[in-house]
1. Might you check whether a residue that is touching a Leu at 6+ places or on another chain (Cβ under 6 Å), in contact (Cβ under 8 Å) with a residue 12 or more places away in the chain, under 30 Å from residue B:160 (Cα atoms) and crowded, with 16+ Cβ neighbours inside 10 Å occurs anywhere in region B:81-90?
2. I'd like to verify a number: residues in region A:71-85 that are surrounded by fewer than 15 Cβ atoms within 10 Å (Cβ to Cβ) and modelled with pLDDT of 90 or more, how many?
3. Please enumerate the residues belonging to region A:61-116 that are of a type outside the set (Val, Ile, Thr), within 12 Å of chain B (Cβ to nearest Cβ) and in a strand (DSSP E or B).
4. Any idea which residue in region A:117-137 is modelled with the lowest pLDDT, counting only those that are within 8 Å of another protein chain (Cβ to nearest Cβ) and over 18 Å from the mean Cα position of the chain (by Cα)?
5. Of the numbered conditions (1) surrounded by 16 or more Cβ atoms within 10 Å (Cβ to Cβ); (2) at pLDDT below 85, residue A:219 satisfies every one except a single condition; which is it?
6. Across region A:155-176, what is the number of residues that are touching a Ser or Thr at 6+ places or on another chain (Cβ under 8 Å) and of a type outside the set (Phe, Trp, Tyr)?
7. Kindly evaluate residue B:179 against the criterion of being more than 14 Å from chain A (Cβ to nearest Cβ), in contact (Cβ under 8 Å) with a residue 12 or more places away in the chain and part of a helix (DSSP H, G or I).
8. Which residues, counting only those in region B:33-74, are β-branched (Val, Ile, Thr) and free of Cβ contacts under 8 Å to residues at least 24 places away in the same chain?
Amino acid sequence: MSSLSVSRDSVAELAAPFAPATDWAVQVENLELTYRTTIEKKPTLKRTLVRLGRRKRIVRTIEAVRDVSFEVPHGRVLGIIGVNGAGKSTLLRTIAGILPPTSGRIEVHGRVSTLLALGVGFKGGLTGRDNVILGGLAAGLTREQLAAKYDEIAEFAELGDFIDMPMRTYSSGMYGRLAFSVAVNMDPDILLIDEALSVGDARFKQKSFDKMRALCAEARTILIVSHALKGIRELSDEVLWMHKGEIAMRGDPKTVIEAYKEFLDVRESDVADEDV
Amino acid sequence: MTTYAERADRSEFAGEVHVYEPHRIGLPPIGAYLKQLWLRREFALELARTNLRAAHYNTALGQLWLILNPLLLGLVYFALVEIIGRGNRGMDFLAHLLLALFAFRLVSTSIRQGARSVVGGGRLILNTAFPRTLLPLSSVLTAFMLFLPTLIVYAVVHGVAELPVTPEILWAVPIVAMLVIFAAGMSMLVAAVQVYFRDLSNFLPYALRIWLYSSPILYYAAQVPEKFKPVLLVNPMYPLLTSLGDAVNFGREPRPALLLAGLGWAVGAFVAGGLFFISREREFAVRL
């Protein structure tokens, strides 16, 4: 990764000058998100009947996000870190408008592109091309916009002839590459990325990292959730550490990541720095 | 400071400013919702088209199956009825059977595909904000695209059976529209229920089979014995299929009472299914 260690500040200077921002791209106010869920993975009638017969109700309330408020100015990159189950992904989904807030308010200014559950290919039987077009249409793009973007997406993903093959024939790396390519090439004002700094092989990883830096330099607003602390430190202007649905700490990347590592008690071990 | 309604109108799914707030009631602002739905109509169309294409991918006869499938299905049922009825049925009965069967298939395909639409769209639902009704509605489009080629099959049999062609046949247009609206309502209903009860898709083939047998398809409605008449009267397919048969098979004006009943079922199912689906759809991302 040594070739990447252009200081983050120089990139940031190119992008968004550290002038006091007056306009938020994303504003989250007192966001709470709780949902009730049954323990069963697949709710079926039989299990429900059995449970009702025993007069048992297996409903758990999960407080995924608790009283979270923050703003992201236009053109800034916010890294979000935290242990598994801290509410990071839920937070991103709420900002994307996929999950409704239980209380609080979110305001988003700009067009959002999401790369959340690594998922363009929602229909394995359809080709990569069909999936890209369907995903784009669902996101509200027009056919013309998609036609203009399509070649760029296909080229960046480097799938070759596989783009016209059913997606069930793809390897997981190819899947991830296409998903990443779709998300970053949709010309988003605001990009929400969940655990995607590490798709594909080392070369594609490098390429996607470069692309992310280019996007940062174009003054896009980016929210990244990742466990790859090194990548987060390089890309982010600010880091948010979430713990049990609340903001544990927020501030400049170095400080927050150090504190987080201290908390994890992993220190500067190589494993934590790896782009896992 | 703008009002909640004004902000909501600009927000929800697209546009440049999105505001996400808890909904006061189960339903999102319907006007904004429908606008977003209309904006993405291309998606439903494309999804239906690609589903059709994928269904016959790798088959030797390809798109010809769109004609062969319903034709063979119709002939199997005709053979069955002929065997049971000792072969005293003519071409005009075949015409009745095919028409009713194809119309029923329009509804049953919508329901079967609809049940899978939301659960099968998992990744897309977890990744993108869009009006979820597009998924079951796209199933109805698929079913309708499958229905269109069956009209050719029917037209041939209609000609061979030397059935009349009168202006009354145009009644078929509003009646098929009612069938589609009814199918859309049922599709949305089962799509939402399937999220909560995954067993539904196992029941569904049997329920649809029973529904097929209890609808006037393999027999004329007039042949139904008195004691089974109540079953016929609560079957939504009875007024719809009988009206369609009157208009197309016999070239006569459908009875107003049946038309009204059909319209009632169609609108009722559409409103109930639609409201149920929309009030639940924001939970789907959590339930998948």
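1. yes
2. Selection size over region A:71-85: 0.
3. Answer for region A:61-116, where residues must be of a type outside the set (Val, Ile, Thr), within 12 Å of chain B (Cβ to nearest Cβ) and in a strand (DSSP E or B): A:64, A:103, A:104, A:105, A:107, A:109, A:113, A:115.
4. Checked region A:117-137; the qualifying residue modelled with the lowest pLDDT is A:123.
5. The one condition residue A:219 does not meet is (1).
6. Total satisfying the criteria: 6.
7. For residue B:179, the condition - more than 14 Å from chain A (Cβ to nearest Cβ), in contact (Cβ under 8 Å) with a residue 12 or more places away in the chain and part of a helix (DSSP H, G or I) - is met.
8. Result: B:50, B:59.
The values are calculated or read from the model by the stated rules, or taken from the named source; none is laboratory data. Bear in mind that the values here come from a model prediction, so they are computed numbers and not experimental data. Here Cβ is always computed from backbone atoms with ideal geometry, including for glycine, and neighbour counts include all displayed protein chains.
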